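J.: Here it is, the structure, as structure tokens.
The values are calculated or read from the model by the stated rules, or taken from the named source; none is laboratory data. The model shown is predicted, which means the values in this text are computed figures rather than measured ones. Every residue, glycine as well, gets a Cβ built from its backbone with ideal geometry; the counts of neighbours run over all protein chains shown. Ligands, DNA and RNA are excluded from the accessible area calculation, which covers all protein heavy atoms including side chains. Shrake-Rupley method; radii C 1.70, N 1.55, O 1.52, S 1.80 Å.
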Amino acid sequence: MEEIRISPDYNWFRSTVPLKKIIVDDDDSKVWSLYDAGPKSIRCPIIFLPPVSGTAEVFFQQVLALTGWGYRVISLQYPVYWDLLEFCDGFRKLLDHLQLDKVHLFGASLGGFLAQKFAEHTHKSPRVHSLILCNSFSDTSIFNQTLTANSFWLMPAFMLKKIVLGNFAKGPVDSKMADAIDFMVDRLESLNQGELASRLTLNCQNSYVEPHKIKDLAVTIMDVFDQSALSHEAKEEMYKLYPNARRAHLKTGGNFPYLCRSAEVNLYIQIHLRQFHGTRYAAINSDMVSAEELEVQKSHLDVSREK
């Protein structure tokens, strides 16, 4: 099986972390699938949102590592939603169902765009405390597909898969990146026509992020220096949109650094979340944080309050 090639941890993940299925809409065909691991006492966990081709499983290395360090982590897969407002409403209902007031969001590609739109959608009654945006974008027009976005629902699954695969890396890659691509192809094969068509529609229908609504959020922008589906212009646009964001650059990693460069990605996630240690928005159990580190974080908080 492809999964074993990427990491023996994947079988361990599947056998130890249960997959939950949750319905929050009146339409019971809309099912959220998620892995919820780590201490349930944490009320502000980090939630992972996958790219077009991904499922909740693609972040298994983040779930295993971060929960091992004491964090509460949720990795999810969205139901079929055809427009952004519908997605945002469904996601808000999911957070209500899980009794989560505010959360940290890690979004990859489309997942990052959806994370930004959800933060924007809920800015008057904030549900997002911080964002980590991996290989993500802020304006769907970069894909030049806004005119065809409304016809994806008509296309057969094989054609939709071909569109997605066209964005995967071509040419020579190292063995870890090759295994990551194999794994994502396997995940792509598990998605049905409706799931793929709806995600491509969200990815390409005319929309952009309104930064003034989310300017106060702590943001980390994570991207790679080698080949990815994201253009240089799209990356520059993200830097402009979030001038105060922390930047987490990976020398290599392609489209799926969370799979093939998981140690680096997990370290950057820890660095991002560390700023919330000792606050009510910590995603980690306080017992897992040293007293010295808590003192440092509290002193940072006191200084920022005085400014």
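J.: Would you be able to tell me the number of residues in the range 162-172 that are buried (at least 16 other Cβ atoms within 10 Å of the Cβ) and either among the acidic types (D, E) or free of Cβ contacts under 8 Å to residues at least 24 places away in the same chain (or both)?
T.: Going through the range 162-172 one residue at a time, the tally reaches 0.
J.: Can I ask one more? Among the numbered conditions (1) within 18 Å of G90 (Cα to Cα); (2) open to solvent by 10 Å² or more (accessible area, probe 1.4 Å); (3) modelled with pLDDT of 95 or more, tell me where H129 comes up short.
T.: Every condition holds for H129 apart from (1).
J.: How many residues does the range 183-192 contain that are open to solvent by 30 Å² or more (accessible area, probe 1.4 Å) and either touching an Asp or Glu at 6+ places or on another chain (Cβ under 7 Å) or over 30 Å from K30 (Cβ atoms) (or both)?
T.: Count: 1.
J.: Of all helices (runs of 4 or more DSSP H) completely enclosed by the range 120-238, which ones contain at least 2 residues that are among the small types (G, A, S)?
T.: 175-189, 193-204
J.: Continuing with the same structure: Sort through S175, S228 and tell me the only one that's small (G, A, S) and surrounded by 15 or more Cβ atoms within 10 Å (Cβ to Cβ).
T.: Numbers: S175 fails: surrounded by 15 or more Cβ atoms within 10 Å (Cβ to Cβ).
Among S175, S228, only S228 is small (G, A, S) and surrounded by 15 or more Cβ atoms within 10 Å (Cβ to Cβ).
J.: Another question, if that's okay. Can you give me the ranges of the helices (runs of 4 or more DSSP H) entirely in the range 1-98 with at least 3 residues that are in contact (Cβ under 8 Å) with a residue 24 or more places away in the chain and more than 19 Å from the chain's Cα centre (by Cα)?
T.: 2-6, 9-16
J.: What single numbered condition from (1) out of contact with any helix residue (DSSP H, G or I) (no Cβ under 8 Å at 6 or more places or on another chain); (2) modelled with pLDDT under 85; (3) open to solvent by 50 Å² or more (accessible area, probe 1.4 Å) fails to hold for K215?
T.: For K215, the failing item is (2).
J.: Hey, any hits in the range 12-22 for a residue that's modelled with pLDDT of 95 or more and open to solvent by less than 30 Å² (accessible area, probe 1.4 Å)?
T.: Within the range 12-22, one or more residues are modelled with pLDDT of 95 or more and open to solvent by less than 30 Å² (accessible area, probe 1.4 Å).
J.: Tell me yes or no: at least one residue of the range 255-274 is part of a loop (DSSP other than H, G, I, E, B), open to solvent by 50 Å² or more (accessible area, probe 1.4 Å), in contact with a helix residue (DSSP H, G or I) (Cβ under 9 Å, 6 or more places away or on another chain) and modelled with pLDDT of 60 or more.
T.: no
J.: Then there's this: Given the residues A248, A180, A197, which is the only one that is in contact (Cβ under 8 Å) with a residue 12 or more places away in the chain, open to solvent by less than 20 Å² (accessible area, probe 1.4 Å) and under 17 Å from F137 (Cβ atoms)?
T.: Exactly one of A248, A180, A197 is in contact (Cβ under 8 Å) with a residue 12 or more places away in the chain, open to solvent by less than 20 Å² (accessible area, probe 1.4 Å) and under 17 Å from F137 (Cβ atoms), namely A248.
J.: Of everything in the range 280-296 that's modelled with pLDDT of 90 or more and more than 17 Å from L131 (Cβ to Cβ), which residue is least open to solvent (accessible area, probe 1.4 Å)?
T.: Once the filter is applied, the top-ranked residue is I284.
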